[in-house]
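A short reminder: the numbers here are calculations on the coordinates, not readings from a lab. For clarity, every value in this text was computed on a predicted model and none was experimentally measured.
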Amino acid sequence: MNWLLIVSFLSLLWVVSLCKVLCSTLSSSKDAFISNGEDDQKRNILLVIAHPDDESMFFSPTILYLTSKGHILHILCLSTGNADGKGNVRKEELYHACSALKVPVRQVKVLDHKDLQDGFDQMWSSSLVAEIIEQETADLGIDMISTSLLRKYMGPLDVWISILFARSSPEVQTHCLLNEHPHESFIAMGQHRSQWVWFRKLFVIFSSYTYVNVLRKINY
C-alpha cells in the first residue's frame, strides 16, 4: 500500500509540474536572459552543440524561446555524428529538426573536421574547439554564445529544482527557461529518424531538458 501511495503522489506531482510548465512563463527571468540594457534589441546568438540531435534533446526550450522572440539564432554542430556511419543522414536530419524548431537551414552549420569525429574513443582538443568557435563568432558577428558542457530524467519535476536554483543564487546570473510547447521538442526529435528508437522517445518524455533549461552566464 505504501508504494501505491508513493506512486500516486509522484504521478500527481508530475501532472502539477507539467501544468506549471504549460501555464508559467517566468517572464522576469526570460526578459533578463538576453538583455544588454537595450529594450527589444534583437540579438545575434550562436548555439554550439556536439552532435546532431543535441539541439532537440537538450536545448529545445532555449531555441523555442529565442526564435519566438525573433532573435537571430545560429547553430554550430561540431560533428556529423558519424560513429555508426550515418553522418550524412544525421546531418540532413539536423536540418529538418532545426526547421521544426523554426531555425532557418542557412543558419545551421555542421562540421566534418578530421580531428572532431564522433565516437567513444575520440578525444577532442579543447583548444581546437575554442579556435573554431572564436572564428565562427567573428564571422557571424555573434554577441552571445551558448554551449552544452543529475537531474536529467526528472522531466517536469525538475522545474521546481530549477526555479529554486535560479532564485537561490542572486550573485550568479542564472536564467530558467520553461518550454511552453513541450510537444514541439518531441516533433523536432522525431526528425532524427535514424536515432528515433524507443529509449530516445522515453528520454524526450522524461528528460528535464524537454521542459526546462537553466542557463548560467559565464564571463569570458
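Which of the pairs Lys114/Lys217; Lys109/Lys217; Lys91/Lys114; Lys86/Lys201 have their Cα atoms more than 21 Å apart in this structure? Check vs 21 Å cut-off fails for Lys114/Lys217; Lys109/Lys217.
For Leu116, no residue whose modelled amide H falls within less than 5 Å of its own remains once neighbours fewer than 5 places apart on the same chain are excluded.
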